[in-house]
Structures are given as structure tokens and as C-alpha cells.
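Enquirer: The structure is given below, and queries will be raised subsequently.
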Amino acid sequence: YTGAKTSKWGIEEFCETVAREIAPFGIGLTIVEPGAAPTGFGSALDTAPVMPEYENTPAGEVRRAITGGAFTFPNDPQKIAGAMIDLVDSGAAPLRLPSGPTPTTTCGQRSSPGSPNTIRIAMSRFPS
């Protein structure tokens with residue numbers, strides 16, 4: 001759990017830094033934030049034996065959610081791909097493209113600037 005979270009935030013920070021470095025050259029970079037989508041990831045996991053020390057920790061909660069089928073995947077991969085294509089066709093390069101219901105609730109928590117067009121483009125594929 002911790003490794004997945006920290007690696008995602010590390011990649012985001014890397015992309016934010018690269019975006020600032022390439023902007024003067026007229027090059028844009030967009031971080032696509034698709035949220036949870038059904039990919040078969042959980043069923044393909046090769047896990048270590050359960051350790052009782054982790055049973056009542058966030059890692060234990062995530063393990064139980066994945067193995068028990070309680071971890072939901074509300075985002076549609078086809079709509080996510082469509083939102084990415086729409087963004088490319090628009091010619092815009094906002095820093096973030098939140099796609100689907102889950103990332104749009106957490107995406108704004110980061111400190112980097114966003115574009116109102118990002119939300120409009122992404123959410124046009126995900127009506128509520």
C-alpha cells in the first residue's frame with residue numbers, strides 16, 4: 001500500500017517538474033489520472049503469506065478489500081481512453097486529466113495548477 005502510494009506521488013512530482021522544464025519550449029505534459037478501473041490487477045496478484053502483524057493496519061485493510069472483492073472499480077476504461085483522445089484532439093495540454101468519478105474528488109488536493117478545461121473534457125465522458 002505504502003509503496004504504491006509513494007511511487008504514484010513520486011511520478012506525479014517528476015511529471016510536474018518536467019512539465020515546468022519543457023514548457024518554455026512549447027511542449028506540454030499531461031498526467032492522466034484514471035482512478036480505479038477493472039484491469040484484472042487484483043486477481044493477478046502473487047501475494048506473500050498473510051502476516052498477523054499487519055492484520056489491523058491500512059495494508060491489511062487493502063489486502064482484505066482486494067481479496068474479498070470489496071475493492072470497487074467504478075471507472076470505465078473505454079471512457080478513460082476516450083477522454084484521453086478528446087484531450088489530444090483539443091490541442092490542450094493541462095497538467096492533469098482526471099478521468100472518471102474517483103480521481104476528480106482527489107485530484108484537486110495537489111498543489112499544482114489545473115485547468116477548468118481539464119475537468120470539462122474529462123467529465124463530458126462521465127456524466128453524473
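Enquirer: Looking only at residues that are modelled with pLDDT under 65 and of a type in the set (D, E, K, R) in region 78-128, which one is least open to solvent (accessible area, probe 1.4 Å)?
Expert: R110
Enquirer: Go through (1) in contact (Cβ under 8 Å) with a residue 24 or more places away in the chain; (2) exposed (fewer than 11 other Cβ atoms within 10 Å of the Cβ) one by one and return the number of the condition G26 breaks.
Expert: Result: G26 passes all but (1).
Enquirer: Mind listing just one residue for me: the one in region 32-77 that is in a helix (DSSP H, G or I) and touching a Phe, Trp or Tyr at 6+ places or on another chain (Cβ under 7 Å) and, of those, least open to solvent (accessible area, probe 1.4 Å)?
Expert: Looking at the filtered set, the residue picked out is G60.
The values are calculated or read from the model by the stated rules, or taken from the named source; none is laboratory data. Keep in mind it's a predicted model, so treat the numbers as computed, not measured. A quick note on method: Cβ atoms are made from the backbone with ideal geometry, for glycine too, and the neighbour counts reach across all protein chains shown. Accessible surface is based on the protein model in full, side chains and every heavy atom, while ligands, DNA and RNA are left aside. Shrake-Rupley method; radii C 1.70, N 1.55, O 1.52, S 1.80 Å.
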